[in-house]
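**Q** Sharing a structure with you now.
Quick note: the coordinates plus some simple rules give every number you see, no bench work behind them. Owing to the predicted nature of the structure, the values given are computational and were not obtained by experimental measurement. Note that we place each Cβ from the backbone using ideal geometry, even for glycine, and neighbour counts take in every protein chain shown.
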Amino acid sequence: MKSRLFQFFPPFAFVFILVFAGCDSTKQTAAMPAFSLKTGTFYESKTVKITDSTSGAAIYYTTDGSTPTTASTAYSGAITVAETETVKAIASAKGYNDSEVASTAYTIMTPGLEVLYGAARTARLNYFETLVIDPDTGGFSKWTSGAAPVLGTNGMATVNYKFMYISFPQLTGVTGNGEVIGYSLDSTTGKATELAGSPFFVQTQANPQGIAVVPDQLLFYVADTGNNNIHGYSVNSTTGVPTEISGSPFASGTTQQITVDPSGKYLYAANQSEPGGVLAYSIGSTGALTAVAGSPFSVKGQTAADSAPFGILDTGSFVYITLAGTNQIAAFSIDSSTGALTAVAGSPFTTGNNPTLLAQAKDFLYAVNTYDGTISGYQIDDTTGALTEFSGSPFASGVNGIIADPTGSYLYVSRFDNILGYNIDATTGALTLGPASLGGINSGLWMTIVQYPATSTP
């Protein structure tokens, strides 16, 4: 005789019941754990904290890429990531189903050759600078100056240590379309050699500006104020030749500077269309951009009809934009699952006169105040994203460009007549003048720094 269970449920239904018995549909699911450090490439060991918003939740994790269970290592405090690994975690709490798996990947590299590249911001500069950085002092161990590859630029970025791209915008009094110039990079010497076929056409009446790269992928984007859009390109891994991706260009309105989230999932753009704010896009598998729900995100509490956003920076947890029209910095927290932005409490934060570019060094944020010629420095609250200006700020004088090296130890500034390097106090963020100095420059530079892998060191 068949059991009463099989009289009511056929065998296939019994299997279904067994498979799904571990998930109680009447219970809520615990929140997915969050990591204090986002996915990225680093040049030293990192400390990672794992938290969960579900009350009383226990966290279990793995570091070998396997799926964690409640039999995995129980989280009891910050973990140290000393080598390349993928950390995964779940949360388990009484009365809840176990959370979804949270995952993040960390690449730890031994640093090799570190090179600062500088390209002209205006037509007055005649040289393209290549400067090798001494990792022990932050000074320049050697440098070369060559004929300017462009008359002026508004952005430059590098892809996978192999290629560099520089925007060549339309210049006043010069006819023609803006272009993108590409270079191959020699990881042994740092030398940049123009790619075959360069410069590359963007679009009729294009005015290329900021460039942003998707980490660890052969993808980059260019803001185009001539046509109010953003162009996306895939890069040939052998030749470096960029090809515009399907669906590009993507409508953006007026935006000069853009940034890609360290996760590679989102792109953010400083929205210069009045009243100003941030445009947000998700990045698809092909590189196509799709507007995030709620975009553009406005600046809360701004003190003028047009806040005139310009510079933008994404730390992985927060997005910051400079508001040149109101002398402030606006801060937003990132919803990692959707890319949506929420204004940080206390934002916008006061800075100097006409803030433009931003740079990050670990938990510190630096802003160029163009009209003051100074740098404002802030401590980033890694929980809330709030900014606190630290003692001694603002620093320096005559500054119009800024960049931090990947280790967060040194800050480099471009002035109208030279490049200077500053040491960053690891505890306070304060800046002190370092040994790096290069004179003989007749205008400001756009700068980027490439940290080559140790295997590339001569």
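**Q** Could you give the nm distance between label points at residue 84 and residue 425, where each point is 7 Å from its Cα heading toward the beta carbon?
**A** Roughly 3.7 nm, to one decimal.
**Q** Taking the simple approach of a point 7 Å from Cα along Cα-to-Cβ for both residue 416 and residue 217, what is their distance in nm?
**A** 4.2 nm
**Q** May I pose another question? Can you give me the relative contact order of segment 290-431 as a percent, contacts being Cα pairs under 8 Å and 6 or more apart?
**A** Details: 344 pairs, mean separation 22.1, N = 142.
Computed value for segment 290-431: 16 percent relative contact order.
**Q** Here's another thing I want to ask about it. Just to verify a number: FRET efficiency for residue 45 and residue 184, C-beta to C-beta distance, R0 = 41 Å, to 0.05? Please list the in-between numbers first.
**A** Working: r = 32 Å, r/R0 = 0.78.
E(calc), rounded to 0.05, equals 0.80.
**Q** Would you list, by chain and number, the aspartates and glutamates whose Cα falls below 16 Å from the Cα of residue 162, excluding same-chain residues fewer than 8 positions away?
**A** Once the sequence-local aspartates and glutamates are set aside, what remains near residue 162 is 114, 186, 194, 216.
**Q** Still on this structure, I have one more. Any chance you could run the full-extension gain for residue 110 through residue 382? It's 0.36 nm times the residue separation minus the Cα-Cα distance, nm to one decimal.
**A** Values: separation 272, 0.36 × 272 = 97.92 nm, distance 2.57 nm.
Taking 0.36 nm per residue and subtracting the Cα distance, the gain is 95.3 nm.
**Q** For a test of the definition: using alpha carbon positions, the gyration tensor, and the 1.5 limit on a/c, classify segment 16-108 as rounded, prolate or oblate. Don't jump to the answer; show the numbers that get you there.
**A** Working: a/c = 2.74, a/b = 2.03, b/c = 1.35.
Since a/c reaches 1.5 and a/b is larger than b/c, the shape of segment 16-108 is classed as prolate.
**Q** I'd like the distance separating the alpha-carbon centroids of segment 244-259 and segment 282-315, in whole Å.
**A** The two parts, judged by their Cα centres, are 12 Å apart.
**Q** Next up: Counting only DSSP beta bridges with both residues in the chain, tell me the antiparallel percent, nearest 5. Display every interim value, and only then the final one.
**A** On the way: 125 of 131 bridges.
Taking every DSSP beta bridge within the chain, about 95 percent pair in antiparallel fashion.
**Q** Select from 117, 397, 451 the residue farthest towards the positive end of the dipole of the chain; place +1 on Cβ of Lys and Arg, -1 on Cβ of Asp and Glu, and compute about the Cα centre.
**A** Ranked along the dipole, the leading option is 451.
**Q** Defining a contact as two alpha carbons under 8 Å apart and six or more residues distant in sequence, what relative contact order in percent does the chain show? Could the numbers behind the result be given before it?
**A** Details: 1271 pairs, mean separation 50.5, N = 458.
Answer for the chain is 11 percent.
**Q** For segment 16-108, give the magnitude of the charge dipole about the Cα centre (Cβ charges: +1 Lys/Arg, -1 Asp/Glu; no others), in debye to the nearest 20. Write out the running numbers ahead of the final one.
**A** Working: 6 positive and 8 negative charges, 42 e Å.
Here the size comes out at about 200 debye.
**Q** Tell me which residues come under 5 Å, amide H to amide H, from residue 43 once H is placed; ignore anything under 5 positions away on its chain.
**A** Answer set, sorted by chain and number: 109.
**Q** Something else: Tell me, in nm to one decimal, what length is gained between residue 290 and residue 191 on full extension, where the rule is 0.36 nm per residue of separation less the Cα-Cα distance? Could the numbers behind the result be given before it?
**A** Details: separation 99, 0.36 × 99 = 35.64 nm, distance 3.64 nm.
Computed gain between residue 290 and residue 191 is 32.0 nm.
**Q** If you take the square roots of the eigenvalues of the alpha-carbon gyration tensor of segment 218-333 and sort them as a ≥ b ≥ c, do you get rounded (a/c under 1.5), prolate (a/b over b/c) or oblate?
**A** On the way: a/c = 2.21, a/b = 1.84, b/c = 1.20.
The shape class here is prolate.
**Q** I would also like to ask the following. With θ set to phi - 60° and the Karplus curve 6.51 cos²θ - 1.76 cosθ + 1.60, what are the ³J(HN,Hα) couplings of segment 394-405 in order, to the nearest whole Hz, using x for Gly and Pro?
**A** Here the 3J(HN,Hα) series is x, 10, 6, 7, x, 7, 9, x, 7, 7, 9, 6 Hz.
**Q** Next question, about the same structure. Taking θ as phi - 60°, what are the ³J(HN,Hα) couplings along segment 66-80 by the Karplus curve (6.51, -1.76, 1.60), each to the nearest whole Hz, with x for Gly and Pro?
**A** Along segment 66-80, the couplings run 6, 6, x, 9, 6, 8, 6, 4, 7, 6, 10, x, 3, 10, 9 Hz.
**Q** Now a separate question. Can you list the HN-Hα couplings for segment 239-247, worked out from phi with the Karplus curve (6.51, -1.76, 1.60; θ = phi - 60°), rounded to whole Hz and with x for Gly and Pro?
**A** 9, x, 5, x, 10, 5, 6, 4, x
**Q** Let me ask another. Return a whole-number percent for the relative contact order of segment 221-358, with Cα pairs under 8 Å and 6 or more residues apart as the contact set. Let's see the in-between values first.
**A** Values: 350 pairs, mean separation 23.5, N = 138.
So the answer I get is 17 percent.
**Q** What shape does segment 111-456 have by the C-alpha gyration tensor, where a ≥ b ≥ c are the square roots of the eigenvalues, rounded means a/c under 1.5, and otherwise prolate means a/b greater than b/c and oblate the rest? Present the calculation step by step, with values, prior to reporting the outcome.
**A** Working: a/c = 1.39, a/b = 1.05, b/c = 1.33.
It is rounded, given that a/c, with a ≥ b ≥ c, falls under 1.5.
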